[in-house]
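The values are calculated or read from the model by the stated rules, or taken from the named source; none is laboratory data. As the structure is a computational prediction, the values presented were derived from the model and not from experiment. In this analysis, Cβ positions are derived from the backbone assuming ideal geometry, glycine residues included, and neighbour counts consider all displayed protein chains. Side chains are part of the model used for accessible areas, which takes the heavy atoms of the whole protein and leaves out ligands, DNA and RNA. Shrake-Rupley method; radii C 1.70, N 1.55, O 1.52, S 1.80 Å.
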Amino acid sequence: MERNYPLRQKLPAEVLVGGNAVWSRYRQYPVFGLRWLLGRSLLFCGVIAVVAAFIGMGTGVVAQDVGVAVKVAITEFIVFSSMATLGPALATAVRHRAWPLSRERKAVVIAVLIGMVLSFFIDRLGSSYIEQLIKPGLEAAGLSMNPPTPPPWVKAIGLAINVAALVVIYGLFGGGLALRAYFSEHRRWDEHHHVRELNALESRVHEADLRLGVLQAQVEPHFLFNTLASVRALVRQDPAQAEATLDALVDFLRATIPKLREDRGLHATLGQQLALCSSYLALMQVRMGGRLTYDVRADEVLRAAPFPPSLLITLVENAIKHGIEPRPGPGRIEIDAVRDGDTLRVQVRDDGAGLQPGLSTGVGLANVREQLAARYGARAAFVLSPAAEGRGVCAEIRVPLGSVA
């Protein structure tokens, strides 16, 4: 995993914690970033300079030597500044290497620990130097730097206090709190990134739903208008047959128009779409004077599977218009739905005129492809090919199979 935000820019409001006060504005930048380090160092070193000056003045009064006071103040400033900034500075150098996150986290912890160890030795050297500075003055004043040896229990308490002081001074002051802020910042960034991904996903889903609505609105009039045009043509040729066809069309519309509206979206099932196709084929069978036969085959379990609305009826309509009607004599349409692993395959086959130039680029089939792409992306497919029997066309839709037992 890579770091996905810049170290030189301010943190977004969703990630930022504190940092509004003048002395804590460095916290507006990523932990162990260069601007964070500069702001923190200025704050800490400013406070340390004041403390070191007071320590130097106190030591100068005791030693009665201004030169000693200045040297002690400078030494204390160097020692405490090293303790406060050395570990974070090494961690900042590590973080600007832009390593993978897992490697960066380990290296940052190691860098802070190395800074603490180095600070400890700097502290020992500084303390030894200060002792050498103030020793002559204390001896001149008749004071000793070697106090009487305390009892064992006093030494044990003193050791515990020293250990606790070291943990607090080196652990927290030397970079421990910064480490805690570093990992907390990563957690907030992960949460912020997750929320943004969810919002983006919801936006894409909403946009896809709107687009699907437009596509389906195009499919339904296309199917209905073509059917009405066929009835109109039949009125001139065979009025009695046209009347029977019109009655069948009215019955068909009464039964199917509510379903066309109710089945929109993710609630449509394969069974509903197959029933719609059966009703349409029954209507076409009446209109064509009985020369059309058809068969619809699918297991009951598969009929409960989710399936995009308005797609199958488009394929069936194309099979009638471009396959059965142009060729004289009897014609047949077969619809088969089968399970193929985790895929639902639905075929619409006819034994009509076969593939014609421009057939695969029509509005209806273009909408089929767009709907599948909008809903499933690369997980769905639409294939138009010659039928296996050598006559007619086979149109096949493949979609991921929903939760079907």
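From the list Ala53, Ala21, which one is surrounded by fewer than 13 Cβ atoms within 10 Å (Cβ to Cβ) and not aromatic (Phe, Trp, Tyr)? Working first, answer last.
Working: Ala53 fails: surrounded by fewer than 13 Cβ atoms within 10 Å (Cβ to Cβ).
Step by step, each of Ala53, Ala21 is checked, and only Ala21 is surrounded by fewer than 13 Cβ atoms within 10 Å (Cβ to Cβ) and not aromatic (Phe, Trp, Tyr).
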Working carefully through the options Phe44, Phe32, find the one that is outside any helix (DSSP H, G or I) and in contact (Cβ under 8 Å) with a residue 40 or more places away in the chain. Phe32
Could you list, ordered by first residue, the pairs with Cβ atoms under 8 Å in which the first is in the range 274-297 and surrounded by fewer than 18 Cβ atoms within 10 Å (Cβ to Cβ) and the second is among the basic types (Lys, Arg), at least 6 apart or interchain? Ala275/Lys259; Thr293/Arg332; Asp295/Arg332
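Being farther than 28 Å from Val195 by Cβ, open to solvent by less than 60 Å² (accessible area, probe 1.4 Å) and among the β-branched types (Val, Ile, Thr) narrows it down to one of Val94, Val47, Val61, so name that one.
Working: Val47 fails: open to solvent by less than 60 Å² (accessible area, probe 1.4 Å); Val61 fails: open to solvent by less than 60 Å² (accessible area, probe 1.4 Å).
Within the list Val94, Val47, Val61, the selection yields Val94.
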Tell me the helices (runs of 4 or more DSSP H) entirely within the range 263-367 that contain at least 1 residues that are out of contact with any Lys or Arg (no Cβ under 7 Å at 6 or more places or on another chain) and at pLDDT below 90. 270-287, 311-318
Failed item, numbered, when Arg8 is tested on (1) open to solvent by 40 Å² or more (accessible area, probe 1.4 Å); (2) modelled with pLDDT of 90 or more; (3) not aliphatic (A, V, I, L, M): (2)
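Only one of Pro100, Pro151 is modelled with pLDDT of 85 or more and over 26 Å from Gly56 (Cα atoms). Can you tell me which?
Working: Pro151 fails: modelled with pLDDT of 85 or more.
The unique qualifying residue is Pro100.
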What is the number of the single condition among (1) open to solvent by less than 70 Å² (accessible area, probe 1.4 Å); (2) farther than 14 Å from Ala178 by Cβ that Arg124 does not meet? (1)
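Taking the condition of being over 21 Å from Ile74 (Cα atoms) and of a type outside the set (S, T, N, Q), how many residues in the range 22-54 meet it?
So the first thing to find is which residues in the range 22-54 are over 21 Å from Ile74 (Cα atoms), and the list is 22-37, 39.
Subsequent filtering for residues that are of a type outside the set (S, T, N, Q) retains 22-23, 25-27, 29-37, 39.
Adding up the residues that qualify gives 15.
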Go through (1) of a type outside the set (D, E, K, R); (2) at pLDDT 70 or above; (3) farther than 30 Å from Leu344 by Cβ for Val231 and report which single condition fails. (2)
Complete set of residues in the range 97-111 that are in contact (Cβ under 8 Å) with a residue 40 or more places away in the chain and either buried (at least 23 other Cβ atoms within 10 Å of the Cβ) or under 25 Å from the mean Cα position of the chain (by Cα) (or both): Ala98, Pro100, Leu101, Ser102, Glu104, Arg105, Val108
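Among the residues of the range 313-330, which ones are farther than 16 Å from Pro386 by Cβ and not aliphatic (A, V, I, L, M)? Before you say what the answer is, go through the steps one by one.
Here is the first cut: in the range 313-330, the ones farther than 16 Å from Pro386 by Cβ are 313-314, 316-317, 320-321, 325, 328-330.
Thr314, Glu317, Lys321, Glu325, Pro328, Gly329, Pro330, listed by residue number.
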